[in-house]
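Step one of this worksheet: look at the structure below.
The values are calculated or read from the model by the stated rules, or taken from the named source; none is laboratory data. Every value quoted in this text rests on a predicted model; they were computed, and no experiment measured them. No Cβ is skipped: glycine too gets one built from the backbone with ideal geometry, and neighbour counts run over all protein chains shown. Each accessible area value is taken on the protein alone, full model and side chains, heavy atoms only, with ligands, DNA and RNA left out. Shrake-Rupley method; radii C 1.70, N 1.55, O 1.52, S 1.80 Å.
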There are 4 protein chains.
Amino acid sequence: MAVRTPDPDPGDDGGERESLSGPFSGAPSGPNTNPGWLSEVELAEARRRLPMLYVEALPVRTDGMGMVTQVGILLRATPLGEMTRTLVSGRVRYGETVRDALFRHVENDLGPMAFPLLPPQPAPFTVAEYFPLPGVSAFHDDRQHAVALAFVVPVTGTCEPRQDALEVTWLSPEEAASDALAAEMEGGRGTLVRQALASVGALR
Amino acid sequence: MAVRTPDPDPGDDGGERESLSGPFSGAPSGPNTNPGWLSEVELAEARRRLPMLYVEALPVRTDGMGMVTQVGILLRATPLGEMTRTLVSGRVRYGETVRDALFRHVENDLGPMAFPLLPPQPAPFTVAEYFPLPGVSAFHDDRQHAVALAFVVPVTGTCEPRQDALEVTWLSPEEAASDALAAEMEGGRGTLVRQALASVGALR
Amino acid sequence: MAVRTPDPDPGDDGGERESLSGPFSGAPSGPNTNPGWLSEVELAEARRRLPMLYVEALPVRTDGMGMVTQVGILLRATPLGEMTRTLVSGRVRYGETVRDALFRHVENDLGPMAFPLLPPQPAPFTVAEYFPLPGVSAFHDDRQHAVALAFVVPVTGTCEPRQDALEVTWLSPEEAASDALAAEMEGGRGTLVRQALASVGALR
Amino acid sequence: MAVRTPDPDPGDDGGERESLSGPFSGAPSGPNTNPGWLSEVELAEARRRLPMLYVEALPVRTDGMGMVTQVGILLRATPLGEMTRTLVSGRVRYGETVRDALFRHVENDLGPMAFPLLPPQPAPFTVAEYFPLPGVSAFHDDRQHAVALAFVVPVTGTCEPRQDALEVTWLSPEEAASDALAAEMEGGRGTLVRQALASVGALR
């Protein structure tokens, strides 16, 4: 199991630690007075009792007419050293708006210069339901029952993932919809990529 | 505070008790082996630490062409004896799909003969965010931070609310969008009714 | 060129004749006093000058929870005797609502006992743009520039296509999304089927 | 009837002349070899026989999180000298994509420095149907049966309407949803503004 260092910024709980795709994790182990903060033990307990609310984002590049030209897929190392591909993903905190959570996780996974254009609409293009048991839905997550509001987010700046384990690969819509990519994506997210592409008319 | 009797059916946790609009409540107080079940104390604790996932539904009657002709609004008595108006609403349980939760709460609030036609789309028409502090969004809920996936659900049968405190009033879209109704609805749900009507082209 | 007989019912201009997928055609050749009626020559002329407004529908069967379990694909014989697969499709007439056009074409292609449940929402899941020149978009139509509002329509009755050339085949979502089916569908509609499946969470 | 001068740029048919809200009009009166071009007489004829395809846009300003803060409403003088309020609006030409038409009309009505961010999704938030006869739907247009795909379009630059008769007024969502504004808007577009606001969660 990877050694986990406390997050230097208690106001930022990080994409890796809270991410749907990251390793099991919680919150800073140090003292925190925000009642919305959960210790790792508490979060682990909650994960066995309640559906956890997540946001997920497929970062895209668009041309001047708003048409999606490229899709950003994250490369991530699991604690076991395997490389997997995933989306921007993370938990919504107590007291945080969905919009704020989406912005925070995009910034955390793509860096502060990504300049995302969050959609004005509050409705996600789909709701992805992750269950601990594979087969209940198209998505699964060993750790928890998570329900993710999924958005397509155009980014206009430079993406520099903050954490060493992360890299963003820009793919054409065709590559992103391929079986080859789907096989590399964790938790069934190849399906989510295709649904995202369909929502922007970029799935053939 | 109202005395709360345990739910006679442990498989049905009730619209009132888990409802966004109902009084503070949890789960059967008797023993339950499902780890997804929370005691009232545990649920109360979770509500101060995590956003709770809800579904909400605006029941509608449609004509033969799918056009919305009437809107069903629930009348409910609070524990303090006040009458308020609300929507079908309730929590998503651990391990339960959003679709199952939606069906369960519609049936609980409208009775087993309502014959709802759940939408084939998993995406809600909007996401309503309830915060304990009024003003953060259009919606508030003293008890918790709740995030509700909101759907319009045509019903084709007879609605007979199961619980004494409930009644369904069928209104025209114009009446449902009125300021008078909005003033009677709890938690800011007048806004949610208008957004629902807009999504079906029935808001003028 | 196929000999075209006048439609016996001037109030019904037929899925075949006005269909995006049917052969070039217009309206009854007999006199008609409705100014919205176009002769074949006039419609042919309009098709070279204006985008034509269409509706398209993917008929589906749902389970009791609203989940799509089967997809209806039409089999049609072209005037040249080739068999192709397509969707419910047809032109919106002058003075007709989109909803009425959708109902009319579903009934025309699936028969009067199909009992479709038109969606309450006026917004299509996508807009499919057909151009005479292949490659401008994912869709093409030799005859015209057509813009189709595309809907998923649950049907609850028995589908009996009215015209000899038509047959409805019910497929699983997986079969409907396959490359094999896409290759048989005319005008690029395999893409439209996939986008429809994605909109209902049934594309893997 | 207003005297109409030929458009100086035959490649740009202008918001006023083709706009849903502008006066009756067609295309350059000079010779044009594009078969998709219609003379005024031809367009007038088509308008009595076919539904015309339009796009409409509600320009908005968003904050850094994508939340709509302001809404742009156009002020326009009719040929009779009356002032009315309207949205960005215009016809889709033969051979033109919906996206291109949307961009062209936004640029025509708001100027080349508006820098619109067209949505990546091809699906409109609603479909507005205008009939010559009031009462068929929420929208009417004396001149024609028009079907408009309606979008919310964030703009990031400076809006300088190209034509003297136009001015853009920026309103808060509350002002834009008011009965006072609705009363000034032509063709029932107050309803369209409210539906647009609802789609971005900005209708209260």
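General remarks:
- Those residues of region B:167-191 which are closer than 22 Å to D:PRO124 by Cβ and open to solvent by less than 20 Å² (accessible area, probe 1.4 Å), in sequence order: B:PRO173
- Among (1) touching a residue at least 12 places away in the same chain (Cβ under 8 Å); (2) closer than 18 Å to C:HIS140 by Cβ - the single one C:THR62 does not satisfy: (2)
- Residues considered: B:ASP164, B:ASP109. Of these, the only one that is open to solvent by less than 30 Å² (accessible area, probe 1.4 Å) and at pLDDT below 95 is B:ASP109.
- Here D:MET67 meets each of (1) at pLDDT below 95; (2) open to solvent by 10 Å² or more (accessible area, probe 1.4 Å); (3) in contact with a Gly (Cβ under 9 Å, 6 or more places away or on another chain) with one exception, condition (1).
Results for (1) open to solvent by less than 30 Å² (accessible area, probe 1.4 Å); (2) part of a strand (DSSP E or B), shown as yes or no for each residue.
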site: C:PRO119; (1), (2): yes, no
site: C:VAL136; (1), (2): no, no
site: C:GLN144; (1), (2): yes, no
site: C:PRO154; (1), (2): yes, yes
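- Against the conditions (1) surrounded by fewer than 19 Cβ atoms within 10 Å (Cβ to Cβ); (2) at pLDDT below 95, C:CYS159 satisfies every one except (1).
- Residues of region D:40-64 that are touching a strand residue (DSSP E or B) at 6+ places or on another chain (Cβ under 6 Å) and open to solvent by less than 30 Å² (accessible area, probe 1.4 Å): D:PRO51, D:MET52, D:LEU53, D:TYR54, D:VAL55, D:GLU56, D:ALA57, D:LEU58, D:PRO59, D:VAL60.
- Picking from residues in region B:156-195 that are farther than 21 Å from B:ALA77 by Cα and touching a Phe, Trp or Tyr at 6+ places or on another chain (Cβ under 6 Å), the one that is farthest from the other protein chains (Cβ to nearest Cβ) is B:GLY157.
- Number of positions in region D:176-195 that are touching a residue at least 24 places away in the same chain (Cβ under 8 Å) and either among the hydroxyl-bearing types (Ser, Thr, Tyr) or in a helix (DSSP H, G or I) (or both): 11
- Residues within region A:119-142 that are in contact with a Leu (Cβ under 6 Å, 6 or more places away or on another chain) and within 14 Å of chain D (Cβ to nearest Cβ), tallied: 1
- Selection status of B:ALA150, open to solvent by 10 Å² or more (accessible area, probe 1.4 Å), more than 12 Å from chain C (Cβ to nearest Cβ), under 30 Å from D:GLU129 (Cα atoms) and outside any loop (DSSP other than H, G, I, E, B): no
- Taking the criterion of being β-branched (Val, Ile, Thr) and out of contact with any Gly (no Cβ under 6 Å at 6 or more places or on another chain), the residues of region C:153-204 that qualify are C:VAL153, C:VAL155, C:THR156, C:THR158, C:THR169, C:THR191, C:VAL193, C:VAL200.
- Qualifying residue in region C:55-65 (condition: among the acidic types (Asp, Glu) and more than 14 Å from chain B (Cβ to nearest Cβ)): yes
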